[in-house]
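Take a look at the structure set out below.
The values are calculated or read from the model by the stated rules, or taken from the named source; none is laboratory data. No experiment lies behind these values; they were computed from the predicted model shown. No Cβ is skipped: glycine too gets one built from the backbone with ideal geometry, and neighbour counts run over all protein chains shown.
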Amino acid sequence: MKGRRTVLLGLGAATGLGAVAIANHFQNQQQSAQPPLEDRQKVRDFTVVGKATLQERAANKGIIYGAAAQYKPLTTNKRFAQHFAQECAVLVPANELKWKTLRPTPEKFNFSRSDWMAEFAQKHNMLFRGHTLVWYQALPKWFEDKVNRKNAEKFLTEHINTVVQRYAGKIYSWDVVNEAILPNSSKQGLRQTPWLRLLGADYIEMAFRTAAAADPQALLIYNDNNLEYDNAKTETKRDRVLKLLERLKSKGVPIHGLGIQSHLGASSRGFNAKRLRNFLKDVASLDLQILITEMDVSETKLLVADDRDTIIAGVYHDYLSLALDEPAVNTVITWGLSDRYTWLSHFAPRQDGVPVRPLPLDAELERKLAWNAIASAFDQASPRNIKYNF
Ligand code: G3I
């Protein structure tokens with residue numbers, strides 16, 4: 001933690017994503033044990049006292065709350081931007097720092113959108129988080145023709161240097177490598193990605209070392225999905241992620257935390273509290289911070305007649321209460337703030353066409369039950385005794 005930026009708390013995301021990856025993700029969610037629907041619809045009390053925002057309630061406990069957003073709604077919907085700045089202590093550009101957005105050609109970078117978002121964050125006293133430097137998706141069309149075994153290292157390191165240096169002092173934390181593990185892969189559990197094919201397993205280490213040299217103060221995170229539920233595949237994935245983190249730490253790789261995406265499902269079976277807690281504890285014992293980086297709750301299998309909001313709020317509360325039990329979990333980021341702008345409307349819409357409601361604010365920017373569930377999980381969390389040296 002030494003040398004990283006100190007942040008004063010309280011001052012203050014349909015074509016690129018592989019259909020197979022999405023299908024696997026949601027299938028994975030459905031595999032785990034399910035409390036009966038009647039139980040999940042039981043009215044639960046998520047009343048909270050006062051009008052404090054999510055970021056304030058989180059900060060009261062030493063937790064950082066924020067959300068992902070896209071450039072367009074922030075620049076075109078003033079009310080949305082205001083609500084965003086009120087509720088959130090962190091802004092994460094959902095797409096604007098991905099290769100596809102930043103790299104229109106192999107030679108050129110286009111920072112116009114990400115620069116605007118960095119300014120927005122600064123203006124509103126928010127932290128700014130980078131997503132993501134190395135991923136197998138959202139690569140530009142030219143990538144496949146231009147990048148080969150000979151020049152891949154140069155492309156990777158130049159990209160990281162250019163982007164991380166540009167935002168040094170502005171981006172407090174980076175998702176350096178995103179979704180590199182696949183439970184059933186034979187290659188140390190590593191997902192077959194262009195990076196693995198071109199550079200071998202060391203690309204992960206290379207990315208972290210390059211990012212650390214480009215901004216020694218930034219908090220460097222490994223981020224992944226499908227780590228939350230209770231089924232054999234997920235258990236294997238947790239194990240492989242843990243082994244990756246252990247390897248990186250034992251080699252002195254500058255990695256400071258794990259990002260657990262937490263795209264959850266309202267129809268998914270419950271969590272296994274013991275297993276999840278043990279995983280979080282194992283990660284924490286490596287002297288790593290834990291961030292919930294992309295939380296939302298999809299509802300493809302629920303009927304409109306079901307009490308969707310109650311069920312979704314219940315998932316938020318159950319999961320956050322469990323996760324926040326582990327003191328190393330110090331950040332909660334939702335993948336969007338308002339249902340009006342959720343990626344799930346395009347990627348996991350309801351078959352009946354009824355709009356989905358996966359986020360804390362509804363499409364009209366009103367606080368809904370999911371908001372209360374998050375607020376009450378923050379109110380009930382134990383205070384962190386952590387001084388944030390980012
Ligand atoms: O901007 C273009 C627009 O000009 C065009 O008209 C439209 C037509 O489809 O596409 C728009 O771009 C889309 C972009 O989202 C903005 O909405 C891309 O096609 C689409 O691929 C892109 O999807 C994003 C996806 O990552 C792939 O990058 C989602 O918004 C974003 O929420 C999602 O985020 C990922 C995280 O990065 C990693 N974890 C999972 C998470 C959810 O899939």
Exercise for review: Select, from LYS237, LYS243, the only residue that is out of contact with any Lys or Arg (no Cβ under 6 Å at 6 or more places or on another chain), within 16 Å of the ligand (Cβ to nearest atom) and assigned to a helix (DSSP H, G or I).
Suggested key: LYS237
Practice item. Those residues that are aliphatic (A, V, I, L, M), under 19 Å from the mean Cα position of the chain (by Cα) and away from the ligand (no atom under 16 Å from the Cβ), I need them from the range 264-295; list them, please. Key: ALA266, LEU276, LEU280, VAL283, ALA284, LEU288, ILE290
Practice item. May I ask you to list pairs of residues, at least six apart or on different chains, whose Cβ atoms are under 7 Å apart, with the first in the range 224-248 being more than 14 Å from ASN272 (Cβ to Cβ) and the second being outside any helix (DSSP H, G or I) and among the charged types (D, E, K, R)? Key: ASP224/GLU179; ASN225/GLU179; VAL241/ASP224
Practice item. Scan the range 367-382 for residues that are of a type in the set (Ser, Thr, Tyr) and surrounded by fewer than 22 Cβ atoms within 10 Å (Cβ to Cβ) and jot them down. Key: SER382
Study note, to complete from the structure: Filtering the range 273-304 down to residues that are assigned to a helix (DSSP H, G or I) and not charged (D, E, K, R) yields ALA273, LEU276, ASN278, PHE279, LEU280, VAL283, ALA284
Check your understanding: Could you say whether any residue in the range 188-195 is at negative phi, at pLDDT 95 or above, crowded, with 24+ Cβ neighbours inside 10 Å and in contact with a strand residue (DSSP E or B) (Cβ under 7 Å, 6 or more places away or on another chain)?
Key -> yes
Point to revise | Yes/no for GLU299 being within 14 Å of the ligand (Cβ to nearest atom) and among the acidic types (Asp, Glu) | key: no
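Please work out which residue is surrounded by the fewest Cβ atoms within 10 Å (Cβ to Cβ), limiting yourself to the range 332-348 and to residues that are in a helix (DSSP H, G or I) and not small (Gly, Ala, Ser).
HIS346
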Check your understanding: Are any residues in the range 112-140 surrounded by fewer than 17 Cβ atoms within 10 Å (Cβ to Cβ) and more than 13 Å from PRO194 (Cβ to Cβ), and if so, which ones?
Key -> SER112, ASP115, TRP116, GLU119, GLN122, LYS123, HIS124, ASN125
